[in-house]
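What follows is one structure encoded as structure tokens, with my remarks underneath.
The values are calculated or read from the model by the stated rules, or taken from the named source; none is laboratory data. Keep in mind that this is a model prediction, so the values were computed, not measured. With ideal geometry, Cβ positions are generated from the backbone for all residues, glycine too; neighbour counts draw on all protein chains shown. Surface accessibility is based on the protein's heavy atoms, side chains included, excluding ligands, DNA and RNA. Shrake-Rupley method; radii C 1.70, N 1.55, O 1.52, S 1.80 Å.
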Amino acid sequence: VGFETKRPEEEREECEEQEDWERLRRSRLFRVLLHSFAHNLVAALSLCLWGGAYTAASRVLANLDPLDADLPFHLELDELVELIERPLFRRLHLLMLEGEGSGSALFGALKLVLMLLPQSTGYKVLRDRLTAVARFRQGAAVG
């Protein structure tokens with residue numbers, strides 16, 4: 001009985017194709033989920049943060065008309081900040097410490113969230129977190 005063996009180049013090409021396929025599937029799934037979450041801006045924002053689409057979250061927040069932000073929106077945004085502080089989003093805290101790439105995009109998105117929050121407990125928590133991250137980045141850049 002003979003087994004077919006593949007050359008390393010063929011295996012690498014298949015692996016790269018499979019990675020591209022997986023990336024495409026994840027992207028499609030994210031778009032479908034984002035569309036289903038679009039009825040609620042804060043829910044869509046939390047999906048973007050959880051899914052790693054920090055640039056998309058920044059775009060959504062940057063295009064938000066402040067006059068459309070009503071009291072329920074601000075309350076939900078405050079709850080989102082509380083959620084970000086829970087262990088479920090702990091990886092975001094570590095990612096923010098990275099000065100480039102995704103960490104920078106996440107930091108920018110959370111600064112936009114901070115600008116939208118009213119002066120509340122959530123505002124203070126997020127402000128303190130972003131201040132600590134900024135200080136850490138400055139210390140890491142100098143040292």
**OP:** Give the residues of segment 51-76 that are open to solvent by 70 Å² or more (accessible area, probe 1.4 Å) and either touching a Gly at 6+ places or on another chain (Cβ under 8 Å) or polar (S, T, N, Q) (or both), sorted by residue number.
**Re:** 55, 63
**OP:** From the list 80, 34, 24, 75, pick out the single residue that is modelled with pLDDT of 80 or more, assigned to a helix (DSSP H, G or I) and over 23 Å from residue 108 (Cα atoms).
**Re:** 24
